[in-house]
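Only one structure is covered here, and it is reproduced in the block below.
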Amino acid sequence: MRKLVKREKMLLGILLLLLAVVAYGWFFYQPVMQRLSDARQRLAAAEDGLAVDQARLAQLRQMDQALYEMRLSPDFRSSLMPKYDNIKLVMVELDGILFAARDYGLTFGQPRFDKRMAQRAVELNFNADSYTAAKDILSALYVFPYRCNLQDITIQPLENTPQADIAAQPVSVRLTMTLYEKL
């Protein structure tokens, strides 16, 4: 084997150095950069999740504050769920509200029971002197002092009148009111 000249030794040294740099980049630098990129992506995802959780926490605190303020209001006590078989007091309240109607009819359904409460559906029919009077009655039912849910509200004119005149004409109203009582 012959001896390498100085120029060949330098070229071989440069080639080995270049090979070392490529090997370093391929086996060390690139995997480290990939892990760093993955870590940055996980960090961004975690920061996004943190922002969502902080927004959710702020919303929950706001809702807690609203519930606290609602519990302090005088209306809260009136909307508490009464004990089961509160029908006499319900009738007194309904009679006071429906007194403004021309006439009315009530049909109480059988209560449905679950673990902690009873639900009683009440079919209400009433006639009012005008749409405005019916709206006032419905508004009073909406703020009924006992827990309830108004559903299937239908308002129709009593007489065959054009739609523009319904506000001043007598109307018929049908709805279902579900009363909630605790056991």
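The condition (being surrounded by 12 or more Cβ atoms within 10 Å (Cβ to Cβ), over 20 Å from Lys88 (Cβ atoms), touching a residue at least 60 places away in the same chain (Cβ under 8 Å) and not hydrophobic (A, V, I, L, M, F, W, C)) is satisfied by just one residue among Arg102, Arg174: Arg102.
When segment 105-130 is filtered for residues that are among the hydroxyl-bearing types (Ser, Thr, Tyr) and without any contact (Cβ under 8 Å) to a residue 24 or more places away in the chain, only Thr107 remains.
Within segment 82-100, is there a residue that is modelled with pLDDT under 80 and of a type in the set (Lys, Arg)?
Here is the first cut: in segment 82-100, the residues modelled with pLDDT under 80 are 82-86.
Add one more test, that the residue is of a type in the set (Lys, Arg), and what stays is 83.
Among the residues of segment 82-100, at least one is modelled with pLDDT under 80 and of a type in the set (Lys, Arg), which makes the answer yes.
Which residues, taken from segment 137-159, are over 17 Å from Leu98 (Cα atoms) and surrounded by 15 or more Cβ atoms within 10 Å (Cβ to Cβ)? Scanning segment 137-159 gives Arg147, Pro157.
Given the structure, is Ala128 aliphatic (A, V, I, L, M) and touching a helix residue (DSSP H, G or I) at 6+ places or on another chain (Cβ under 9 Å)? For Ala128, the condition - aliphatic (A, V, I, L, M) and touching a helix residue (DSSP H, G or I) at 6+ places or on another chain (Cβ under 9 Å) - is met.
Can you find a residue that is within 30 Å of Thr178 (Cα to Cα), at pLDDT below 90 and aromatic (Phe, Trp, Tyr) anywhere in segment 53-70? So far as segment 53-70 goes, yes, one or more of its residues are within 30 Å of Thr178 (Cα to Cα), at pLDDT below 90 and aromatic (Phe, Trp, Tyr).
Determine, yes or no, whether Asp103 is at pLDDT below 85, on the phi < 0 side of the Ramachandran plot and out of contact with any Leu (no Cβ under 8 Å at 6 or more places or on another chain).
Here the answer is no, as Asp103 does not meet what is asked.
Look at segment 12-27: where a residue is part of a helix (DSSP H, G or I) and a partner is not β-branched (Val, Ile, Thr), sitting 6+ places away or on another chain with Cβ atoms under 8 Å, you get Leu12/Leu4.
The values are calculated or read from the model by the stated rules, or taken from the named source; none is laboratory data. Quick caveat: nothing in here was measured; it's all calculated off a predicted structure. Glycine also receives a Cβ, built like all others from the backbone with ideal geometry; neighbour counts cover every protein chain displayed.
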